[in-house]
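One structure below.
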Amino acid sequence: MLIPRFTPIRELAAFRFPMSTRPVSFISQPRIISSSNNLFHSATLLIHPFPSNSKPRTRLFSIGTLRSSYTSAARIPRPVTVENPDPRRLESNMTILRRKLQEIGIEFRASVPGQYNHLLCPSCKGGDSREQTLSLFFSPDGNTASWTCFRGKCGWHGSTQAFADGKLIPRTNLKATTSVKGPRVISEESLQLQPLCNELLAYFAERMISRETLERNTVMQKKTYDEIAIAFPFRRNGKLVSCKYRTSNKKFWQEADTEKVLYGLDDIKDVNDIIIVEGEIDKLAMEEAGFRNCVSVPDGAPPKVSNKTLPSEQEDVKYQYLWNCKEYLEKAVRIILATDGDPPGQALAEELARRLGRERCWRVNWPEKNDGGHFKDANEVLMHMGPDVLKEVIEKAELYPIKGLFDFRDYFTEIDAYYNRTLGHEFGMSTGWRSLNPLYNVVPGELTIVSGVPNSGKSEWIDALLCNLNHSAGWKFVLCSMENKVSEHARKLLEKHARKPFFQARYCESVERMTADDLEEGKKWLSNTFYLIRCENESLPNIDWILKLAKAAVLRHGVNGLVIDPYNELDHQRLGSQTETEYVSQMLTKVKRFAQHHSCHVWLVAHPRQLHNWTGDPPNLYDISGSAHFINKCDNGIVIHRNRNPETGPIDRVQVCVRKVRNKVAGTVGDALLSYNRVTGEFMDLA
């Protein structure tokens, strides 16, 4: 049985639905009515069945998207009655339709002829909310499929058939027919716009917007039954192309099916400098401050910056107004983004900068209020501080930040602190050895390469240096020491800290070992000072794994130094086409970036290659196994060397050879001699 298109509510009870007992839904034919709280529709009812487990998502009027739209009832397929369709023919029809719909991007799992399906529109992808706004309907005989996207900014619709005149449609004609609406032709008369009444003129006067500015921008009004809305006409080359409305309680909507452009577009024709604001009233406020070269976005701001890659011009639906005004914006040399100061306004500025090019964008800093906050937008500044202050704010706009590109002005605070030595470590931290301090000091954020022939005391010297830094400055460290067992490494550190031997053994001579109380105090010191990076299984750690854990130690425990001992024990798998020199260069770059970013000093122990015909002299840093980049890229290069021949001097003498110091404030090249105490592992200045 066919249902009349329009049915009074009082007659609904007289209808019986032979096809289904499912509830009906009502789609309204819109008629705008205003109230003190919102805008809504009165409805003449049109009936069509929906599946019981789905809800119609048709939006005939949407304030949230700043747009009004409606779908004509003529575009919604009406159910018809089919007498007992052939099941085999029905299945064949649905199979063909499924294939044809898939070819144009419409995907669905299952469908029953005569019912509506709510799907994701392949044209607009449901917008940012991914809402299923595509209504897909199959005729009861399964021969026809028709669809409409009810999203206001899309409206994609079309239909297709499995068979035409009882014959299968050829494969070459399987593409469904679609229609794309062009922009409506509108005029002030067709929209019934009127000049502003005295009440609205007074409203603008309170916002410091003059009558002359309103008349130049042809701001008008529109009656919506019991309320008057402000009308902001959007023009291109003087021709009305769209119109946006605003009520006194900040309800917004726009004319449907009109061209999306910037408000005030004609004011930026052939200008070098452009100001972009977030609202139409802000554009008018800019004119009061002397800036006519200003436009406003038509759709407000997004809640946050999108984390997706920048879409193509065709897919960038939300910011289509920018592409529609492309020929105006391309001519601009400088674009000042004067969006609102709240998070959505800043997100809008970022989205605009992404599309317009950060290199030609500037941004404004809204002035502070007396209560410590900041003014939100241009009209607030105009109302409370006047046009001169608003003009000054625009003239003081700063370059929009570009990631990785800076000005020295961004670092003036840091430079001043460096000059005044307010940080306390500008010259580096003392090593604790009087003879070494003129040559080498420990600067946060630097990389020190330590080398030397085997058994020369490299690791022992670094441990002693760490103890000195902890005792004098309270530094903490994270240790990645692959050649030391944890218990043995703890013994070496505790002996230096307590200045007593760990055991009563042959190497201790007659010195009394540390007591149990010394041990307990030392264990607390170890726990508060050092953190360990260790591979629990048989695999070797790589540099990325070490730096990841070291970053965690910096952030969680506030460590000041990282020791990697030795480099040779790391996993150095590299790409097949990568040479060892290229790998070492890349690895050291990662270490230096970590050190600088986290202000953490890194000591990297690297063994020299096998020295043929070695005469006993200290090796050179260029002798390190792997690459000359070890000395080229480090900030400091040190060789630890000890005498092994009693005939040439005392065997407890350790030579600290400072071979490179990049930062002349922290030291210089030279040698220092220290005495090594084998019992406690301490290094001391010579008398």
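The values are calculated or read from the model by the stated rules, or taken from the named source; none is laboratory data. Computed from a predicted model, the values in this text were never measured in an experiment. So basically every Cβ, Gly included, is an ideal-geometry build from the backbone, and we count neighbours across all protein chains shown. With ligands, DNA and RNA removed, areas are computed over all heavy atoms of the protein, side chains included. Shrake-Rupley method; radii C 1.70, N 1.55, O 1.52, S 1.80 Å.
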Every residue from the stretch 299-333 that is within 19 Å of the chain's Cα centre (by Cα) and in contact (Cβ under 8 Å) with a residue 24 or more places away in the chain: 301, 302, 303, 304, 305, 306, 310, 316, 318, 319
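Restricting attention to the stretch 669-676, does a residue exist that is in contact with a Cys (Cβ under 6 Å, 6 or more places away or on another chain) and open to solvent by 10 Å² or more (accessible area, probe 1.4 Å)?
So the first thing to find is which residues in the stretch 669-676 are in contact with a Cys (Cβ under 6 Å, 6 or more places away or on another chain), and the list is 671.
Remaining after also requiring open to solvent by 10 Å² or more (accessible area, probe 1.4 Å): 671.
Yes, the stretch 669-676 contains a residue that is in contact with a Cys (Cβ under 6 Å, 6 or more places away or on another chain) and open to solvent by 10 Å² or more (accessible area, probe 1.4 Å).
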With the checklist (1) touching a residue at least 60 places away in the same chain (Cβ under 8 Å); (2) more than 26 Å from residue 587 (Cα to Cα) in hand, flag the one item residue 462 doesn't pass. (2)
When restricted to 143, 173, the only residue modelled with pLDDT of 80 or more, of a type outside the set (Ser, Thr, Tyr) and more than 30 Å from residue 245 (Cα to Cα) is 143
Top-ranked residue of the stretch 182-213 - restricted to ones that are polar (S, T, N, Q) and outside any loop (DSSP other than H, G, I, E, B), ranked as farthest from residue 228 (Cα to Cα): 213
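For the stretch 126-160, which positions are of a type in the set (Asp, Glu) and more than 36 Å from the chain's Cα centre (by Cα)? Steps first, answer last, please.
Going residue by residue through the stretch 126-160, those that are of a type in the set (Asp, Glu) are 128, 131, 141.
If the condition is that a residue be of a type in the set (Asp, Glu) and more than 36 Å from the chain's Cα centre (by Cα), then 141 is the only one that fits.
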Pairs where the first residue, in the stretch 412-437, is of a type in the set (Phe, Trp, Tyr) and the second is open to solvent by less than 100 Å² (accessible area, probe 1.4 Å) and in a loop (DSSP other than H, G, I, E, B), C-beta under 9 Å, 6+ apart: 418/426; 419/426; 427/441; 427/443; 427/665; 427/666
Among the candidates 461, 362, 366, residue that is among the aromatic types (Phe, Trp, Tyr), assigned to a helix (DSSP H, G or I) and at pLDDT 95 or above: 461
Hey, any hits in the stretch 371-380 for a residue that's part of a helix (DSSP H, G or I), open to solvent by 20 Å² or more (accessible area, probe 1.4 Å) and modelled with pLDDT of 95 or more? yes
Looking at the stretch 480-494, is at least one residue open to solvent by less than 50 Å² (accessible area, probe 1.4 Å), under 22 Å from residue 443 (Cα atoms), among the hydrophobic types (A, V, I, L, M, F, W, C) and touching a Phe, Trp or Tyr at 6+ places or on another chain (Cβ under 6 Å)? no
Could you list, in sequence order, all residues of the stretch 510-549 that are among the charged types (D, E, K, R) and closer than 20 Å to residue 474 by Cα? 518, 520, 521, 523, 524
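Hey, which of the helices (runs of 4 or more DSSP H) in the stretch 238-351, taking only ones fully inside, have at least 1 residues that are small (Gly, Ala, Ser), modelled with pLDDT of 95 or more and buried (at least 22 other Cβ atoms within 10 Å of the Cβ)? Full working, then the answer.
Numbers: elements: 280-288, 320-324, 326-329.
Output list reads 280-288.
Could you check the stretch 625-649 and list, in sequence order, the residues that are over 18 Å from residue 662 (Cα atoms) and either at pLDDT below 85 or open to solvent by 20 Å² or more (accessible area, probe 1.4 Å) (or both)?
Within the stretch 625-649, the first condition is being over 18 Å from residue 662 (Cα atoms), and the residues that meet it are 625-627, 640-649.
Matches in the stretch 625-649: 625, 626, 627, 642, 643, 644, 645, 646, 647, 648, 649.
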Filter result for residue 232 (open to solvent by less than 40 Å² (accessible area, probe 1.4 Å), closer than 30 Å to residue 320 by Cβ and assigned to a helix (DSSP H, G or I)): no
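Filter the stretch 390-429 down to the residues that are among the aliphatic types (A, V, I, L, M), in a loop (DSSP other than H, G, I, E, B) and loosely packed, with under 14 Cβ neighbours inside 10 Å and list them by number. Reasoning before the result, please.
Initial filter on the stretch 390-429 (among the aliphatic types (A, V, I, L, M)): 390, 393-394, 397, 399, 402, 405, 415, 417, 423, 429.
The next check asks that each one be in a loop (DSSP other than H, G, I, E, B); those that pass are 397, 423.
Of everything in the stretch 390-429, just one residue is among the aliphatic types (A, V, I, L, M), in a loop (DSSP other than H, G, I, E, B) and loosely packed, with under 14 Cβ neighbours inside 10 Å, namely 423.
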